[in-house]
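One structure is given below, encoded as structure tokens.
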Amino acid sequence: MPGRLPTKADFPAEVTLSVVPPPASQPSTNVLILLHGLGDTNVSFAKLGQQLNLPETACIALQAPNGLIMDIGGFQWGDDLVMDQSNGELDMDTGFQAATRLVLDCVIQEGLINRCGYKAREIILFGFAQGGMAGLQAAASLDGSELGGVVSIGGGLSHLLPLKSLERKSKTPVLVCRATRGSKVTESAVSKLKDAFEYVEVKDWKKNGDGMMSNREEMMPIMQFFARRLLSKRGVPAGSVELT
């Protein structure tokens, strides 16, 4: 049986998310989980899901579990709030144990697989910066199952990833997009990704500093990745079997 369109009621009450259905009259064959960057909320990524308008794909814009200090708005995926002494900015890499539990246990396992009937292969993660790190951490920590994929914009694996997670490479394919200048995704970060995942594709964007895709050239490798990994039930003759 194919998975059904998720609703907020399918997830624990403490999880904050928005569900964007697939284009009108299309089945929700796939689920794309959208993970915002540090200091943002799920609202902007719900709009991204609407803009992507991917065929046969429901989008879930998930909000990070931890708020920022004092009256600063927005949320973050890290376990702690630490200031990077080199630049005075918040450190993106402070561990992702809570985020991994949220993504893997609450959203993917409890909500999408147990309640809505999806398979892990039908679920793709898309994250920006710290959200990309959280998505990669979740995929690398998943035991025995292959997700549809992970797209990370300007985020690599946490240096705090437990070594046991690297003993067996994940079969989940990964696409990482980074800036040619000033990217947080260094060559050593790419090397660590290749230690953790069997298939890693890196696309360099000609820009200064990691940011979201802003033109057709930057969007093209992401759409090509989606085209390879999204499943389709439309137009498949009755009784046939779709190979994945």
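The values are calculated or read from the model by the stated rules, or taken from the named source; none is laboratory data. Since the model is a prediction, treat every value here as computed from it, not as a measurement. All Cβ positions, even for glycine, are placed from backbone atoms using ideal geometry, and neighbour counts span all protein chains on display.
For the stretch 104-125, what are the residues that are in a helix (DSSP H, G or I) and touching a residue at least 12 places away in the same chain (Cβ under 8 Å)?
Filtering the stretch 104-125 down to residues in a helix (DSSP H, G or I) leaves 104-115, 120-122.
Answer for the stretch 104-125, where residues must be in a helix (DSSP H, G or I) and touching a residue at least 12 places away in the same chain (Cβ under 8 Å): Leu104, Cys106, Val107, Ile108, Glu110, Gly111, Leu112, Arg115, Ala120, Arg121, Glu122.
Suppose we keep only residues that are without any contact (Cβ under 8 Å) to a residue 60 or more places away in the chain, polar (S, T, N, Q) and part of a strand (DSSP E or B) within the stretch 27-79. Which one would you say is surrounded by the fewest Cβ atoms within 10 Å (Cβ to Cβ)?
Asn66
Any residue at all in the stretch 149-168 that's more than 18 Å from Thr57 (Cα to Cα) and touching a Pro at 6+ places or on another chain (Cβ under 8 Å)?
First, the residues of the stretch 149-168 that are more than 18 Å from Thr57 (Cα to Cα): 152-168.
From what's left, touching a Pro at 6+ places or on another chain (Cβ under 8 Å): none.
No: the stretch 149-168 contains no residue that is more than 18 Å from Thr57 (Cα to Cα) and touching a Pro at 6+ places or on another chain (Cβ under 8 Å).
Cβ contacts < 8 Å: first residue surrounded by 20 or more Cβ atoms within 10 Å (Cβ to Cβ) and among the small types (Gly, Ala, Ser), restricted to the stretch 135-146; second residue in a helix (DSSP H, G or I) and at pLDDT 90 or above, any location; separation 6+ or different chain. Result?
Within 8 Å, the pairs are Gly135/Val103; Ala138/Ala99; Ala138/Thr100; Ala138/Val103; Ala138/Leu104; Ala138/Ile108; Ala140/Ala196.
Could you check Asn208 against (1) over 15 Å from the mean Cα position of the chain (by Cα); (2) touching a residue at least 60 places away in the same chain (Cβ under 8 Å) and say which number it fails?
Condition (2) is where Asn208 drops out.
Check off (1) over 26 Å from Val107 (Cα atoms); (2) crowded, with 16+ Cβ neighbours inside 10 Å; (3) in contact with a strand residue (DSSP E or B) (Cβ under 7 Å, 6 or more places away or on another chain) for Asn208 and give me the number that stays unchecked.
(2)
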